[in-house]
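Have a look at the structure below, then the notes.
Please treat every number below as a calculation from the coordinates, not as lab data. Just so you know, these numbers come straight off a predicted model, no measurement behind them. As a convention, Cβ positions derive from the backbone with ideal geometry for all residues, glycine included, and neighbour counts pool all protein chains shown.
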Amino acid sequence: MINHFVVKAMVSGLGVGLIVYLTLCLVLAIWQHRLIFVPSRQMDYTPKDLGLNYEDVWLTVLNLEGKKERLHGWWIPANSSKIDNPKVILYFHGNGGNISYNLTPAQRFQSLGFSVFMIDYRGYGESEGNFPTEAEVYRDSQTAWHYLVEQRKIKPQNIIIYGHSLGGAIAIDLAVRQPQAGGIIAENTFTSLRQMVDYQSQFYQVFPIDLILHQRFDSLGKLRLLQIPLLLIHGTSDRTVPSFMSQRLFNLANVPKQLLLVPYADHNNVASVSGENYLEAIQEFNHLIDDNLTQRNVKDKAHFLPR
């Protein structure tokens, strides 16, 4: 009799455990984007607070239901006295905060002579919409690109796509889609979300991740298609995204490329720790872009010469 109750309790417990496990699988499958994106609506600063001239920009994008939503961004023009034809940094921030949290990097680029255009993905800052998905932030990035090219009349080769952390994955996706861009800078970014799951948490290993994960941000898989110069920057003491991921991306890329690994730097302080080395790396990469463009123009002209 006692054995009967013990067996019944065990079976009942296993049944409850299975239900809980399957429920967790379902939750992870449906709401995983809420574990990835950490948006904030609070705008702490504007470029004016840093003494920068700027323009509010509103762009229209369609959501998955076909409804129009507005993206908010800031256009921060270059100091025209420094350069006649400045390049533009198209800036994509990471998974947390919003563009107001990223004004110091924007100011740094502007001080080097670049114009900067930064946007908030849907659900972030003043942009409309709820929690975004991978597909939606890719669409947001493409909307920002078309704004620069079609409305600002910026030549594609004068646009440098920049992304930090998750923004690096968004930047890589856009760079692959826009092979006429000048170049791409990815800072403290990762190889893929699948590899980040393996690196960050043992908790998720009990779940069938390959079946559940549909927000993949697979930069490693896309990088083989990249055709423009690449600069990868990473802090070697990054506790969020390991620096070996940038090394893997660098090794795979078959384009003109540079890698800056900054000793002792963590996830969000690479530029301040690196100091002048960071600024020099950006300037050297800008020269690499110009050299690559010159070589590309020479090849294009040679292709049309009579034989």
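Rg ratio for the stretch 188-264: its Cα radius of gyration over 2.2 N^0.38 Å, N being its residue count, equals 1.19. Bridge orientation summary for the stretch 57-163: considering DSSP beta bridges with both residues in this region, about 55 percent are antiparallel. On the beta carbon distance between Tyr204 and Arg177, with R0 = 22 Å, the FRET formula returns roughly 0.15. Pairs of Lys residues in the chain are counted when their Cα atoms are under 26 angstrom apart and they lie 8 or more places apart or on different chains; the count is 22. Using the Cβ-Cβ distance between Val38 and Lys67 with R0 set to 25 Å, the FRET efficiency from 1/(1 + (r/R0)^6) comes to roughly 0.55.
Using equal-weight Cα scatterers in the Debye expression, the normalised intensity of the chain in log10 at q = 0.08, 0.14, 0.15 Å⁻¹ is -0.40, -1.07, -1.22. Among DSSP beta bridges whose residues both lie in the stretch 32-304, state the antiparallel percentage, nearest 5. Roughly 30 percent of the DSSP beta bridges within the stretch 32-304 come out antiparallel. Fewest neighbouring Cβ atoms within 10 Å first, the residues Lys222, Lys87 line up as Lys222, Lys87. Both the radius of gyration and Dmax for the stretch 94-213 are 15.8, 51 Å, in that order, over alpha-carbon atoms. A helix-only calculation puts the chain at -12500 deg cm²/dmol for mean residue ellipticity at 222 nm, using -39500 (n - 2.57) for each DSSP H run of at least four residues, averaged over all residues.
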